[in-house]
Amino acid sequence: MVRDSTPRFEVCDQGADVDHVISGFAAYGLAGLTAVDYLRERLELEACGYVTTDALPTITPFEDGRPHHHTRILTRDDLDLAVLHGGLFVPNSVAKPFTDAILDWTESASVDEVAVLSGVPIPHGPDDHRTFHVSTRDYFHARVADADPALDGMGNGFLDGVDAALVERGMVSDLAVGVFLTPVHDRVPDVDAAIRLVDTITRLYDLDVDTGPLEAFAADVAAYYERLHERLEAIPDDERPEDRMFN
């Protein structure tokens, strides 16, 4: 019997009823993940779904003694949006099946818009400490075109991994997708980058979130992922996922 080696991801939806999704993943500078984690805390969101997989080494995060899933869908009854909090490192080799599972869920849940918060590790000076966008046409007109202050599009380049797969689906479907990018220092958690992303997304979605406490919050997140990195370092090389943040 030939064993099916296709990586599998599954979204377990526990009743999310939302139109928009704001997502952040464990990637460069932890900027996107820190930003959505902060939104989770300040908006007092609760889990309404999660992602499981047999494709990557298992981690089970916990907080104040309570375990939770590594990748969660979080919302609140009076909001029409959910936060996708991706705390598991997803290497490019399994980005497509991961994203396919997410997109199957957004389609079944009738989600019409996905925003991604992300850092990009590029050489930059102080004038580049701002947020850029890469948006499908429908997302641009819905969220970006009338932004004040204006948001510039990211210059020439390419997306990869989960971000690329989400935008690709948006280009060929009715799903509106916008990726918000800000330069980061990729080998350390970048607090300033997370603050820029929170400022941008709360302005575009009219969310009442104070970014003042974010620096202290981000320091706690950084300490947590440093401990996670130490755990990953203990995994044998042939079992360890690709993780370019810590290379």
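The values are calculated or read from the model by the stated rules, or taken from the named source; none is laboratory data. Computed from a predicted model, the values in this text were never measured in an experiment. Cβ placement follows ideal geometry from the backbone for every residue including glycine, while neighbour counts extend to all protein chains displayed. Heads up: the accessible areas ignore ligands, DNA and RNA and are worked out on the full protein's heavy atoms, side chains in. Shrake-Rupley method; radii C 1.70, N 1.55, O 1.52, S 1.80 Å.
Restricting to the stretch 93-152, count the residues that are assigned to a helix (DSSP H, G or I), in contact (Cβ under 8 Å) with a residue 60 or more places away in the chain and not hydrophobic (A, V, I, L, M, F, W, C).
Keep residues of the stretch 93-152 that are assigned to a helix (DSSP H, G or I), which gives 93-108, 126-128, 137-144.
From what's left, in contact (Cβ under 8 Å) with a residue 60 or more places away in the chain: 93-108, 143-144.
Now restrict to residues that are not hydrophobic (A, V, I, L, M, F, W, C): 93, 96-97, 99-100, 104, 106-108, 143.
Residues that pass the stated criteria total 10.
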Notebook entry, point to check: Which condition does ARG143 not pass, out of (1) of a type outside the set (Gly, Ala, Ser); (2) within 17 Å of VAL18 (Cβ to Cβ); (3) in contact with a Phe, Trp or Tyr (Cβ under 7 Å, 6 or more places away or on another chain), if it passes all the others?
Noted result: (3)
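Give me a count of the residues in the stretch 191-217 that are of a type in the set (A, V, I, L, M, F, W, C), within 9 Å of ALA35 (Cβ to Cβ) and open to solvent by 30 Å² or more (accessible area, probe 1.4 Å). Write out each step before concluding.
We begin by selecting, within the stretch 191-217, every residue of a type in the set (A, V, I, L, M, F, W, C); these are 191, 193-195, 197-198, 201, 204, 207, 209, 214, 216-217.
Restricting the remaining residues to those that are within 9 Å of ALA35 (Cβ to Cβ) gives 193-195, 197-198, 201, 214.
From the residues that got through so far, the ones that are open to solvent by 30 Å² or more (accessible area, probe 1.4 Å) too are 195.
Count: 1.
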Notebook entry, point to check: Just one of the numbered conditions (1) out of contact with any Gly (no Cβ under 7 Å at 6 or more places or on another chain); (2) modelled with pLDDT under 70 is not true of ASP186; which one?
Noted result: (1)
Item checked: Restricting the stretch 15-34 to residues that are open to solvent by less than 20 Å² (accessible area, probe 1.4 Å) and hydrophobic (A, V, I, L, M, F, W, C), the residue that is modelled with the lowest pLDDT -> ALA16
Notebook entry, point to check: Which ones in the stretch 92-149 are under 13 Å from ILE201 (Cα atoms), over 17 Å from the mean Cα position of the chain (by Cα) and open to solvent by 20 Å² or more (accessible area, probe 1.4 Å)?
Noted result: ARG130, ARG143, ASP148, PRO149
Check: What's the number of the condition LEU84 fails, among (1) at pLDDT below 95; (2) open to solvent by less than 20 Å² (accessible area, probe 1.4 Å)?
Finding: (1)
Next item on the list: Scan the stretch 157-190 residue by residue and report those that are of a type in the set (Val, Ile, Thr), open to solvent by 40 Å² or more (accessible area, probe 1.4 Å) and within 22 Å of HIS20 (Cβ to Cβ).
Entry: VAL172
Check: Does the stretch 96-136 hold any residues that are among the hydroxyl-bearing types (Ser, Thr, Tyr) and touching a Gly at 6+ places or on another chain (Cβ under 8 Å), and which are they?
Finding: SER118, SER135, THR136
Next item on the list: Give the number of residues within the stretch 57-91 that are over 18 Å from the mean Cα position of the chain (by Cα), of a type in the set (D, E, K, R) and part of a strand (DSSP E or B).
Entry: 2
Next item on the list: Filter the stretch 190-235 down to residues that are modelled with pLDDT of 80 or more and charged (D, E, K, R) and give me whichever is nearest to PRO57 (Cα to Cα).
Entry: ASP190
Check: For the subset of the stretch 168-197 comprising residues that are in contact with a Leu (Cβ under 6 Å, 6 or more places away or on another chain) and either among the hydrophobic types (A, V, I, L, M, F, W, C) or in a helix (DSSP H, G or I) (or both), which member is nearest to VAL134 (Cα to Cα)?
Finding: PHE180
Next item on the list: Scan THR58, THR75, THR71 and give me the residue that is hydroxyl-bearing (Ser, Thr, Tyr), within 25 Å of ALA234 (Cβ to Cβ) and open to solvent by less than 50 Å² (accessible area, probe 1.4 Å).
Entry: THR71
Next item on the list: Count, please, the residues in the stretch 55-87 that happen to be polar (S, T, N, Q) and under 20 Å from ALA223 (Cβ atoms).
Entry: 1
